[in-house]
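Chemist: The structure's right below; bear with me while I get my questions together.
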Amino acid sequence: MTTLSDPPKGGFRLSTLINDTRYRSYTFQFIVLIALISAFAYLGSNLIANLKAAGLNISYNFLGEPAGYDINQRLIEYTSQSTHLRAAVVGMLNTLLVAVVACFLATIIGVVVGVLRLSNNWIVNKLMGVYVEIFRNVPVLIWILIIMAVFVAVLPQPREFRGDDATASMFLDLFAFTGRGFYFPRPTFTAEWAAGSTGYLIIIGLLIASFFGARALSKNATATQERTGDRPTTWYYTLAIWLVPVLVACVIMGLSWEIPALKGFNFKGGIYARNSYIALTFALSIYTAAFIAENVRAGILAISTGQTEAAASLGLRPSRTMNLVILPQALRVIIPPLISQYLNITKNSSLAIAVGYMDVTGTLGGITLNQTGRAIETVLLLMAFYLIISLSISAVMNVYNNSVKLKER
């Protein structure tokens, strides 16, 4: 039996794709997709034709040729006789080092500043407001140059650490902060099987395992709280999960420390972080932290004051209220804009060449491009690298965002 609301039956007609609301959106999307494919195909064929007319072709054989230039800071072995591909990898690792450390520092600083901006203390509130307004309204490149200039002008040079009339000294006889860079003790392992990078990889693996172990312990405590109403104390178990495996591994592998020492005109040994790396990472951190602080403040203000009053009526202290009630709910508002700030840090790290830090833009998109003349190939590789990193950050943060979003019964 049919009703007046049933659609009329009949054969398929092309006009249905436009007139029927069930298919109209798909039709328009398909048309746009075909138009985009056609546009990219035209641009690609035009590029290939122009290159052919100029006697050029797209080739990545240059990646196997010797680079012929040095890189001032590197995480893996590299010499001037290494290939352009290895030089690009060194630059990529330098970019990732800046991005990861800057994201971590910016998050910590941003959360602290965002919370302090809501402080009842007038002085603290206004100081944090001044910090936010100053740093987020001045271009990050200027902050990078300012901080680099301060490091060079204020910090002592290595020669000032020499002799009985030295005007500078190492901090705790372990750390040296100079105008050329910072020097830290380097952990080394005496066991032969843990020599080189093997020992570091073992420690990293243990830390990853500890992360999942601590997370499982926290979930078990939460389940116990939901079942009994009483949350067990787990901080000492969590501390043991993080520390005991690493300490045992360090003892087995024979942990020792290589202390930097002044030899000749500079410090030798230990971990060396160039002043360009420190200035770039610090500038990106405090600049982006100003934006993260505003995101945190907005997320906290988005939570109803009734939540705070309800927590206070239950006898929770303000610090516990912030950690257990306010911030967990505010994360649902904070995380989406936080993803954009992490992406900005990664892309802004390409300003490293301004202070002489050799990231992937300085190696692959700078010296390699100038030496080989392969502009199209190097630019495409740069685009692919930043695209992959940006998509990876977005994917990881979106997974975390889905884990903290409100789950209705």
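Computed from the coordinates by the stated procedures, all read-outs in this text should not be read as laboratory data. Quick caveat: nothing in here was measured; it's all calculated off a predicted structure. Heads up, the Cβs are rebuilt from the backbone with ideal geometry, glycines too, and the neighbour counts pull from every protein chain shown.
Chemist: Would you list Tyr200, Tyr272, Tyr357 from fewest to most Cβ contacts within 10 Å?
Modeler: Fewest-to-most Cβ neighbours within 10 Å comes out as Tyr200, Tyr272, Tyr357.
Chemist: Using 13 Å as the cut-off for backbone N distance, which residues of the range 228-270 belong to the label zone defined by a point 7 Å from the Cα of Thr190 along Cα→Cβ?
Modeler: The answer is 251-258.
Chemist: Would you look at the GNM of the chain, springs on alpha carbons closer than 10 Å, and say which of Lys126, Lys268, Lys52 moves the most?
Modeler: Lys52
Chemist: Using the Karplus curve 6.51 cos²θ - 1.76 cosθ + 1.60 with θ = phi - 60°, what ³J(HN,Hα) values do you get for each residue of the range 61-71, in whole Hz, with x for Gly and Pro?
Modeler: Computed from phi, the couplings for the range 61-71 are 5, 5, 5, x, 8, x, 6, x, 9, 8, 10 Hz.
Chemist: Mind checking which of Val111, Val360, Val399 has the largest fluctuation in a GNM of the chain, springs on alpha carbons under 10 Å?
Modeler: Looking only at Val111, Val360, Val399, the largest GNM fluctuation is found for Val399.
Chemist: Got a sec to turn the phi values of the range 266-276 into Karplus ³J(HN,Hα) couplings, 6.51 cos²θ - 1.76 cosθ + 1.60 with θ = phi - 60°, whole Hz, x for Gly and Pro?
Modeler: 7, 7, 10, x, x, 9, 10, 10, 4, 4, 5
Chemist: Compute the separation of the alpha-carbon centres of the range 132-169 and the range 50-89 and state it in Å as a whole number.
Modeler: So the separation of the two Cα centres works out to 33 Å.
Chemist: Defining a contact as two alpha carbons under 8 Å apart and six or more residues distant in sequence, what relative contact order in percent does the chain show?
Modeler: 22
Chemist: Testing the spin-label approximation: label points 7 Å from Cα along Cα→Cβ at Ala221 and Val396. State their distance in nm.
Modeler: Distance between the two pseudo-spin positions: 2.4 nm.
Chemist: Convert each backbone phi in the range 181-191 into a coupling constant with the Karplus relation 6.51 cos²θ - 1.76 cosθ + 1.60 (shift: θ = phi - 60°), then list the ³J(HN,Hα) values in order as whole Hz, x for Gly and Pro.
Modeler: For the range 181-191, the Karplus-derived couplings read x, 10, 10, 10, x, 9, x, 10, 10, 7, 5 Hz, x marking Gly and Pro.
Chemist: Mean residue ellipticity at 222 nm from the helices of the chain, using -39,500 (n - 2.57) per DSSP H segment of n ≥ 4 over the full residue count, to the nearest 500 deg cm²/dmol?
Modeler: -20500 deg cm²/dmol
Chemist: Between Phe104 and Ala375, 0.36 nm times their residue separation minus their Cα-Cα distance comes to what?
Modeler: Net length gain for the segment: 94.2 nm.
Chemist: For the chain, set up a Gaussian network in which alpha carbons nearer than 10 Å are linked by springs, and say which option among Asp173, Asp359, Asp70 fluctuates the most.
Modeler: In this elastic network of the chain, the residue with the biggest mean-square fluctuation among Asp173, Asp359, Asp70 is Asp173.
Chemist: Please order Cys103, Cys250 by the number of other Cβ within 10 Å, starting at the fewest.
Modeler: Cys250, Cys103
Chemist: What does the extension gain come out to for Thr233 and Ser403, with contour length at 0.36 nm per residue minus their alpha carbon separation?
Modeler: Here the answer is 58.8 nm.
Chemist: Modelling each spin label as a point 7 Å along the Cα-to-Cβ direction, I'd like the Ser340/Arg159 distance in nm, to one decimal.
Modeler: Placing both labels 7 Å along Cα→Cβ, they lie 5.0 nm apart.
Chemist: Within the range 273-312, find all residues whose amide N lies under 19 Å from a label point positioned 7 Å from the Cα of Val152 along Cα-to-beta-carbon.
Modeler: 273-284
Chemist: Let me ask you something else. Compute the length gained on full extension between Thr83 and Leu145: take 0.36 nm times their separation in residues and subtract their Cα-Cα distance, giving the result in nm to one decimal.
Modeler: Roughly 19.2 nm would be gained on extension.
Chemist: Between [x] 22.4; [y] 26.6; [z] 23.8, which matches Kirkwood radius over Cα pairs in Å calculated for the structure shown?
Modeler: Derived directly from the coordinates: [y].
Chemist: To continue, here is another question. Once you place label points 7 Å from the Cα toward the Cβ at Ala298 and Leu207, how far apart are they in nm?
Modeler: 3.2
Chemist: Could I ask something else about it? Using amide H atoms built in the peptide plane, which far-off residues or other-chain residues are under 5 Å from Thr178 H to H?
Modeler: Close amide H contacts, sequence-distant or interchain: Tyr183.
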